[in-house]
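In what follows, a single structure is set out as structure tokens and then discussed.
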């Protein structure tokens, strides 16, 4: 399982680089758009579409990395007040639901890529289907991350217990 975890974290590292590049590119594109609009009174037609595509890319990758780092939004008020013996099963159920969400995202977004790959965006001419490729890939990545997190729960206990031991929660 350690090799599997290293492989998934390697994939996450590649996605982190892509997210950083897309965020930087989005800042550049929006800056160009603002300067062109307010200084030259002529906004390029492609700038809004490119900024939106980069935002989609960045947000979906950030979602997967949030699941990996366990910094996503979680409703813990009820779980924190429960008995310790109930916390682990609830955390496992939560991770199974995250796994199912990743699988369902991939299953439901994948067909849009094939159906819309010949349609194009008006400002850039980019194929519309490409904007569904990233959510599909991120769904697979989320499912892969959830698998090793579920395994860590069986091996090391709750997230809090793993963090206290400095073990598998990373």
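The values are calculated or read from the model by the stated rules, or taken from the named source; none is laboratory data. This is a predicted model, so every value here is computed, not measured. In this analysis, Cβ positions are derived from the backbone assuming ideal geometry, glycine residues included, and neighbour counts consider all displayed protein chains.
At-a-glance table
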quantity: Identity of the residue in the range 134-144, touching a residue at least 40 places away in the same chain (Cβ under 8 Å) and more than 15 Å from residue 2 (Cβ to Cβ), that ends up farthest from the chain's Cα centre (by Cα); calculated: 143
quantity: Number of positions in the range 1-45 that are more than 20 Å from residue 69 (Cβ to Cβ) and in contact with a helix residue (DSSP H, G or I) (Cβ under 8 Å, 6 or more places away or on another chain); calculated: 10
quantity: Residues satisfying the stated conditions in the range 5-53, i.e. farther than 18 Å from residue 132 by Cα, surrounded by 15 or more Cβ atoms within 10 Å (Cβ to Cβ) and without any contact (Cβ under 8 Å) to a residue 12 or more places away in the chain; calculated: 43
quantity: Residue 56 part of a helix (DSSP H, G or I), modelled with pLDDT of 95 or more, within 17 Å of the chain's Cα centre (by Cα) and within 25 Å of residue 129 (Cα to Cα); calculated: no
